[in-house]
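Following: one structure in structure tokens, then a few remarks.
The values are calculated or read from the model by the stated rules, or taken from the named source; none is laboratory data. It should be emphasised that the depicted structure is a prediction, and the values quoted were computed from it without experimental measurement. Glycine gets a Cβ as well: all are built from the backbone with ideal geometry, and neighbour counts include every protein chain shown. Just so you know, the surface numbers come from the protein's heavy atoms only, side chains and all, with ligands and any DNA or RNA stripped out. Shrake-Rupley method; radii C 1.70, N 1.55, O 1.52, S 1.80 Å.
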Amino acid sequence: SLVAGSFLRHLITTRDCLGTGVELDQSSLATAMSAGVPVLGMDLNEDLGEFHDDSYDVVILSQTLQAVVSPDVVLAEMARIGTLLILLVPNFVYWRNRLKIIGGRMPYSWHDTPNQSYSGVADLEDWFAEFDLEIVERVCLDGRGRPSRVASAAPNLLAGSTIHVLRSHWAEPGTGRSH
């Protein structure tokens with residue numbers, strides 16, 4: 001598994017960018033901080049309002065959206081905070097998961113997880129449209145997390161997960177201005 005904050009550290013060192021991580025788990029927070037990663041101890045479900053409008057060019061959420069209590073609130077806050085959103089999200093209607101369910105079993109990876117919601121790629125993209133989020137790019141990953149052209153042919157069935165790059169068209173309330 002990845003060390004807490006390692007992805008952000010990689011981006012900061014290889015892309016020469018600034019970044020701030022958000023972490024609720026105290027152990028992961030301490031690990032990231034000790035590695036020199038700028039990270040704030042915050043709850044995605046409650047604390048994203050602390051960030052100013054348009055305060056980041058890019059907001060990344062990896063393998064977390066399905067585990068938050070209020071994904072609508074988190075997605076809206078992400079769209080308010082940043083211009084580009086990058087989300088890595090598992091596809092719960094992936095063919096292997098479907099086979100297990102048909103066989104009368106839940107996929108083993110769903111047991112003892114913090115997941116709050118389960119969606120497929122088509123549902124996810126419909127949901128993005130409700131937030132006026134433009135899909136700039138979709139990368140379909142196979143069951144092992146590698147980009148797959150085959151999965152791109154039928155993402156709802158063949159993608160184990162997806163990476164979506166989205167452009168926010170958030171409008172400041174009362175102004176009608178979008179960024």
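Contact map, region 70-82: first residue in contact (Cβ under 8 Å) with a residue 40 or more places away in the chain, second residue among the polar types (S, T, N, Q), Cβ cut-off under 6 Å, separation 6 or more or different chains; pairs are P71/S117; A79/S168. Only one entry in A67, A4 is open to solvent by less than 40 Å² (accessible area, probe 1.4 Å), modelled with pLDDT under 85 and touching a Leu at 6+ places or on another chain (Cβ under 8 Å), namely A4.
Table: residues versus (1) open to solvent by less than 50 Å² (accessible area, probe 1.4 Å); (2) at pLDDT below 80.
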residue: L40; (1), (2): no, no
residue: D54; (1), (2): no, no
residue: I60; (1), (2): no, no
residue: V73; (1), (2): no, no
residue: S109; (1), (2): no, yes
residue: S117; (1), (2): yes, yes
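Of the residues making up region 126-161, those that are over 15 Å from Y94 (Cβ atoms), among the charged types (D, E, K, R) and open to solvent by less than 50 Å² (accessible area, probe 1.4 Å) number 0.
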